[in-house]
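Heads up: the structure comes next, in structure tokens.
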Amino acid sequence: MKKGLMLVISGPAGSGKGTVNAHLFKTGDFVYSVSATTRAPRPAEVDGVNYHFISKEDFLSRIEHGDMLEYTEYCGNFYGTPLKEAEEVLASGKNLILEIEVEGAENVKKKYPDAVLVLLLPPSYAVQEQRLRGRGTETEEKITERLARAKEEIAHASSYDYVVYNYDGKDAEAAEQILAIVSAEKCSLARNTSVAEDYLKV
């Protein structure tokens, strides 16, 4: 069984990561990496499904013991990927999706150079602001904070391997682009280094 692909999908708030990823999961070839976080659950979020909601003390302990693949602090809370779960998914042959922030993505690339980093973006900064305000779930202060964070994140665009734009009502098309990226990566010679030996086997 071939090892699965580690796929990092990042994007600013309002990029539609959850919606686009939902299309990928329907294929049955992807597994979501449930991140751990110290922030409080939002309405309808389920522990162990959306996130592993843990205390700051627990999170820092995991960092100390090397139990996190990557982690970052964002808007006053810690977010990170449990190492053991990630390794188990890749070993099973399934593709692992990490929906993480820019700093975490860069850390993953350092540890796993063969990880594929995809930056998912709204069509523009103006559209992102419209989407955030249209949610009606956050304060003006939080919206301003997220928009400021987006400007910081876009400065790291060169760290990514691919960029995909998620236009309004076109989330399925964005998912198709990511599927094409995964397909191409799995066919690359960099991931099929024994092709000559395999081909000549009798």
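The values are calculated or read from the model by the stated rules, or taken from the named source; none is laboratory data. None of these values were measured; they are calculated from a predicted model. Cβ: placed from backbone, ideal geometry, glycine included. Neighbour counts: every protein chain shown.
How many of the residues making up segment 37-59 are among the hydroxyl-bearing types (Ser, Thr, Tyr) and more than 18 Å from LEU98 (Cα to Cα)?
Here is the first cut: in segment 37-59, the ones among the hydroxyl-bearing types (Ser, Thr, Tyr) are 37-38, 51, 55.
Among the residues that remain, those that are also more than 18 Å from LEU98 (Cα to Cα) are: 55.
Count: 1.
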PRO82 being more than 15 Å from the chain's Cα centre (by Cα), under 17 Å from ILE9 (Cα atoms) and of a type outside the set (Gly, Ala, Ser): no
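Condition (residue is among the aromatic types (Phe, Trp, Tyr) and out of contact with any strand residue (DSSP E or B) (no Cβ under 7 Å at 6 or more places or on another chain)) applied to segment 69-78: is it met by at least one residue? Steps first, please.
First, the residues of segment 69-78 that are among the aromatic types (Phe, Trp, Tyr): 71, 74, 78.
Remaining after also requiring out of contact with any strand residue (DSSP E or B) (no Cβ under 7 Å at 6 or more places or on another chain): 74.
For segment 69-78, residues among the aromatic types (Phe, Trp, Tyr) and out of contact with any strand residue (DSSP E or B) (no Cβ under 7 Å at 6 or more places or on another chain): present.
Of the residues that sit in segment 34-44 and are surrounded by 12 or more Cβ atoms within 10 Å (Cβ to Cβ) and out of contact with any Ser or Thr (no Cβ under 9 Å at 6 or more places or on another chain), which one is nearest to THR81 (Cα to Cα)?
Here the answer is THR37.
Do the conditions hold for ALA174, that is, is it farther than 20 Å from TYR71 by Cα, touching a strand residue (DSSP E or B) at 6+ places or on another chain (Cβ under 9 Å), buried (at least 17 other Cβ atoms within 10 Å of the Cβ) and not β-branched (Val, Ile, Thr)?
Details: farther than 20 Å from TYR71 by Cα: yes; touching a strand residue (DSSP E or B) at 6+ places or on another chain (Cβ under 9 Å): yes; buried (at least 17 other Cβ atoms within 10 Å of the Cβ): yes; not β-branched (Val, Ile, Thr): yes.
It is true that ALA174 is farther than 20 Å from TYR71 by Cα, touching a strand residue (DSSP E or B) at 6+ places or on another chain (Cβ under 9 Å), buried (at least 17 other Cβ atoms within 10 Å of the Cβ) and not β-branched (Val, Ile, Thr).
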Segment 20-57 - residue that is β-branched (Val, Ile, Thr) and touching a strand residue (DSSP E or B) at 6+ places or on another chain (Cβ under 8 Å) and, of those, nearest to ASP171 (Cα to Cα): VAL20
Every residue from segment 128-146 that is without any contact (Cβ under 8 Å) to a residue 60 or more places away in the chain and among the aliphatic types (A, V, I, L, M): ILE143
Near pairs, Cβ below 7 angstrom, 6+ apart or cross-chain, from segment 153-171 (small (Gly, Ala, Ser)) to any residue that is surrounded by 15 or more Cβ atoms within 10 Å (Cβ to Cβ) and modelled with pLDDT of 95 or more: ALA157/LEU119; SER159/LEU117
Residue satisfying all of: in segment 113-153; in contact with a strand residue (DSSP E or B) (Cβ under 8 Å, 6 or more places away or on another chain) and exposed (fewer than 15 other Cβ atoms within 10 Å of the Cβ); farthest from VAL102 (Cα to Cα) among these: PRO123
Cross-chain or 6+ apart pairs with Cβ under 7 Å, segment 8-22 first and charged (D, E, K, R), then at pLDDT below 90: LYS17/GLU99
